[in-house]
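Derivation of every value follows stated rules applied to the coordinates shown; laboratory data play no part. The model shown is predicted, which means the values in this text are computed figures rather than measured ones. Ideal geometry is used to build each Cβ from the backbone, glycine not excepted, and the neighbour counts take in all protein chains shown.
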Amino acid sequence: MLKVENLVKIFSSEDNKVTAVDGVSLEVPNGVFSTIVGKSGSGKSTLLSLLGALDKPSSGKIEVDGEEVTKMRDSKLIKYRRDKIGFIFQNYNLIPNLTALENVMIPMEFAGISKTKRIKRAEELLDEVGLNSSKQNRRPSRLSGGEQQRVAIARALANKPKLILADEPTGNLDSATGKIIIDLLHDLARRENTTILAVTHDIGIAKQAKITFTLRDGKLVNQPV
Amino acid sequence: MGVMSRGIRDAFRNGARTLSIILILALSIAMSLVMLLALKTVDAKINSVKSSIGNTISVSPAGLRGFEGSGTLLTTQDATETKALAHVTSVVETLTGRLTTIGSNSSSFFGGQSNNSSNAQTSLSAPPRQEPSGGNSNGRRFVINGQFVPGGSFSMPITALGINDFSDLSALNASSFTIISGVKIDPTSSGDAAMVGKSLASENNLSVGKTFTAYGKTITVDGIFDAGNTFANDMIILPLSTEQNLSGNTGQIDSMIVTVDSVDNLSSVAAAITDKLGSSSVDVTTSQDQINSAVTSLQNIKTISTYSLIGSLVAGSMIILLTMVMIVRERRREIGVLKAIGGSNIKIVAQFVSEALCLTLVSSVIGMILGMAFSNPVLQALVNNNSSPENGGMRNFGGGPGGAILRFSNGAGSALRNIHAVVGWDIILYGLLAAIIVAIIGSAIPSFLISKVQPAEVMRAE
């Protein structure tokens with residue numbers, strides 16, 4: 001269960017204060033595919049950063065499976081990101097000089113899993129997301145956008161996270177490939193009992209989600225649809 | 001794939017850039033190695049020069065240098081008084097005369113300050129010194145006052161060294177002294193016997209038992225010697241009393257080589273000799289002075305090497321530092337990704353440090369090969385730029401009585417001539433250690449920058 005209470009993030013500069021996330025409260029049960037929609041600058045990506053512990057909130061509370069993320073020290077936050085969260089980015093963010101297989105292996109290496117087990121699991125995950133073995137040893141530059149996003153999904157799943165946060169996962173893909181990726185995420189959420197929270201502009205994707213949150217000027221403007 | 005192997009792969013991510021960095025860094029490391037070698041070699045040479053020159057003091061009449069200048073000769077009484085001083089273990093007395101070949105005109109070119117005899121002639125003729133190259137093979141030519149002069153009836157004067165003790169051979173400018181035929185003369189006798197240098201003996205077909213005339217007296221050859229240098233091998237050596245009597249300088253000497261019991265007492269004994277004999281009467285030169293003269297050039301090279309070593313190490317560190325800063329700045333987003341997927345600062349820093357280490361070690365190997373290849377040429381260039389007669393170069397002509405100038409040349413000149421850098425395992429290990437230090441220093445600031453990169457960086461747009 002992901003639980004957020006009155007979350008606020010303020011960016012301050014010398015003469016300006018911007019409240020990117022303004023008192024957001026929400027709950028997402030385990031194994032649910034949910035989305036956040038909103039216009040550019042509405043605070044969607046900032047909210048995702050806070051949920052993934054990439055950034056610290058100005059105030060408020062985030063709980064994942066009963067653990068309060070906002071009270072964690074830095075060393076515990078690293079562990080939280082490594083074990084509980086999987087990230088999927090709009091521009092994939094794969095390491096360019098590593099192969100698809102090696103990219104999927106990195107989070108497991110950080111978790112201290114042995115090399116043999118890492119290779120086995122990475123191959124299974126890549127098979128699962130539909131990247132056949134002939135492409136697993138290719139570098140990202142030799143994969144299509146859809147294939148790179150599949151690698152990114154496999155990497156996000158590597159350490160069996162409780163929560164997958166996806167920032168515009170289909171933003172750089174054509175609609176057909178985007179649909180395949182969303183179906184894949186949907187399927188994973190159901191099969192692995194993983195909570196998925198995806199930020200999107202695409203109303204079609206939002207309609208497939210069980211819960212959709214709408215953000216405007218950092219505030220939730222509706223309760224779950 | 002672990003942190004280290006990822007770092008190594010990252011080092012070769014951009015081929016052209018990696019090659020440039022490695023080449024520049026290798027040059028800097030080669031420079032460091034050359035300077036380290038120069039420093040070590042010069043240090044060893046300084047110690048060797050210091051230990052080879054010894055604890056002697058040279059005393060000569062004030063104003064007299066070689067066959068030049070003028071001065072009142074010292075006396076055997078001066079030597080006796082010197083010997084009585086504290087810490088003096090021995091005093092070698094010498095008197096040097098110059099003999100002209102009967103019928104030659106050499107005296108018009110060479111004065112004879114130390115020779116009081118009007119009969120300073122000999123039946124011997126000196127081995128000629130021919131023009132080194134391009135000379136006319138039909139006529140012998142001599143270098144006089146820096147100009148080549150045709151030989152004709154002219155011949156070089158012959159040095160006759162009277163000595164009372166063979167315990168210190170520095171008066172001969174000889175590092176070794178071998179009797180190749182016959183026996184050593186008794187330096188304390190007053191007999192008409194002499195030892196003849198091998199070149200002089202060869203020129204005059206002399207062998208043991210044969211005679212020649214000097215100062216109008218018949219002298220018997222008791223031995224033929226090889227002193228290992230041309231100047232000494234053109235000499236005759238007589239007992240001191242014989243030289244004094246024949247040259248008309250009875251009881252007089254023109255040089256003393258005073259041996260002191262310890263290097264620590266050199267200065268005090270030198271001061272005592274000056275006090276005893278009068279500073280206006282004698283010139284006193286300690287081997288400490290000679291050491292200082294000899295090592296001046298070496299010290300200059302050492303200073304240059306030290307600063308260059310520091311400079312090249314700083315340059316190497318700066319190269320790797322700026323490279324790594326540039327790489328970290330370029331890969332901020334990637335660092336953000338690694339942090340977002342669970343990478344700790346330590347692991348990410350380790351990856352970048354291993355990248356820096358890889359670049360540095362590859363550069364070190366190339367740098368060491370370059371350093372080994374260029375160490376001796378660079379060292380010789382440093383030596384050549386720092387040697388001159390004033391600070392330790394050779395003086396080729398004009399030595400003679402006293403031996404101070406000759407000994408000076410021997411120590412300082414050979415110190416610079418025989419200098420060679422040798423690469424040992426210690427140098428290679430120092431080089432590797434330096435490379436690791438350079439890599440760590442070069443990674444320090446980038447590591448700090450890495451720790452400051454926020455994982456949220458990954459969310460920012462390209």
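Structure notes:
- Whole-Hz Karplus values for the stretch B:228-233 come out as x, 9, 4, 4, 5, 6 Hz, taken residue by residue from phi with 6.51 cos²θ - 1.76 cosθ + 1.60 and θ = phi - 60°; glycine and proline positions read x.
- For the stretch A:1-57, the alpha carbon convex hull comes to 84 Å³ per residue, rounded to a whole number.
- Phi-based couplings in Hz for the stretch A:21-36 (Karplus 6.51, -1.76, 1.60; Gly and Pro marked x): 10, 10, x, 7, 10, 7, 9, 10, x, 4, x, 9, 8, 10, 9, 10
- Restricting the chymotrypsin sites (Phe, Trp or Tyr not before Pro) of the stretch B:191-274 to loop positions (DSSP other than H, G, I, E, B) with no more than 14 neighbouring Cβ atoms within 10 Å leaves nothing.
- Close amide H pairs (under 5 Å, H built 1.01 Å from N) link A:T35 with A:A198, A:I211, A:T212, A:F213, residues at least 5 positions away or on another chain.
- Antiparallel bridge percentage (DSSP; both residues within chain A; nearest 5): 50 percent
- Sequence of B:S305, B:S5 once ranked by neighbouring C-beta atoms within 10 Å, starting from the fewest: B:S5, B:S305
- Protection proxy ranking, highest mean first, for peptides A:105-114, B:351-360, B:428-437: B:351-360, A:105-114, B:428-437, where packing is the per-residue count of other beta-carbon atoms within 10 Å, averaged.
- Amide H contacts under 5 Å for B:T213, placed H, 5+ residues apart: B:S123, B:L124, B:I219
- Amide proton proximity set for B:V282, modelled H, under 5 Å, gap of 5+: B:A62
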